[in-house]
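Laboratory data are not the source of any read-out in this text; all were calculated from the coordinates shown. Just so you know, these numbers come straight off a predicted model, no measurement behind them. As a convention, Cβ positions derive from the backbone with ideal geometry for all residues, glycine included, and neighbour counts pool all protein chains shown.
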Amino acid sequence: MSVAQDIASVRTEFEKAERETNPELKVLALEEATSLLASLDPDELSEAERKLVANVRLSHTRRLLVQLVSLRSVSMDAWFEYIRLLFDELRPEVERLTETDAELKDHYGQFLRLWGAEIAEILQRQRSDAS
């Protein structure tokens, strides 16, 4: 498969994720898109292709951050998958976008708080039990 086809596949998976309303299926499509991105060899990309990939990552991360606020009934398992993507795979884009856009930062914070308090309580309880 050519680099252009690989980039087209990445875009297709991101667009699939964007249209998906089921949070669990959405995160699977996002994972597929980021896996495809990770498989691209930067040494095989032209400067124009590198810019296109960076733009695709940034624009679809922006779209995800916009949609996060609507993911109110996501399971804890799926939430962890989103957190992994946001804290790992898409971290540079998330940081860039949330530093420059207060609304996206708010959406991101709301999503983190969905299960954040419960997770903190569980971790605190585990620490107390271990003492």
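Test His107 against the criterion of being farther than 30 Å from Ala4 by Cα, assigned to a helix (DSSP H, G or I) and either touching a Gly at 6+ places or on another chain (Cβ under 6 Å) or of a type outside the set (Lys, Arg) (or both), and give yes or no.
Details: farther than 30 Å from Ala4 by Cα: yes; assigned to a helix (DSSP H, G or I): yes; either touching a Gly at 6+ places or on another chain (Cβ under 6 Å) or of a type outside the set (Lys, Arg) (or both): yes.
The answer is yes for His107.
Within segment 90-102, how many residues turn out to be closer than 16 Å to Leu71 by Cβ and assigned to a helix (DSSP H, G or I)? Before the answer, list the steps.
Filtering segment 90-102 down to residues closer than 16 Å to Leu71 by Cβ leaves 90, 94.
This time we only want the ones that are assigned to a helix (DSSP H, G or I), so: 94.
Residues flagged as closer than 16 Å to Leu71 by Cβ and assigned to a helix (DSSP H, G or I) within segment 90-102 amount to 1.
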| message | Just checking, does segment 43-59 include any residue being within 11 Å of the chain's Cα centre (by Cα) and within 14 Å of Leu30 (Cα to Cα)? | response | yes
| Regarding Arg113, is this residue in a helix (DSSP H, G or I) and over 26 Å from Ser9 (Cα atoms)? | yes
| Considering segment 80-91 alone, what residues qualify as being touching a residue at least 12 places away in the same chain (Cβ under 8 Å) and either loosely packed, with under 13 Cβ neighbours inside 10 Å or among the β-branched types (Val, Ile, Thr) (or both)? | Ile83
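Could you check, for segment 72-79, whether at least one of its residues is surrounded by 13 or more Cβ atoms within 10 Å (Cβ to Cβ) and assigned to a helix (DSSP H, G or I)? Break it down into steps so the answer makes sense when it comes.
Quick first cut of segment 72-79, residues surrounded by 13 or more Cβ atoms within 10 Å (Cβ to Cβ) only: 74, 78-79.
Of the ones still in play, those that are also assigned to a helix (DSSP H, G or I) are 78-79.
For segment 72-79, residues surrounded by 13 or more Cβ atoms within 10 Å (Cβ to Cβ) and assigned to a helix (DSSP H, G or I): present.
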| Within the set of pairs 6+ apart or on separate chains, which have a first residue in segment 23-34 that is small (Gly, Ala, Ser), a second that is surrounded by fewer than 17 Cβ atoms within 10 Å (Cβ to Cβ) and not in a helix (DSSP H, G or I), and C-beta atoms under 7 Å apart? | Ala29/Glu20
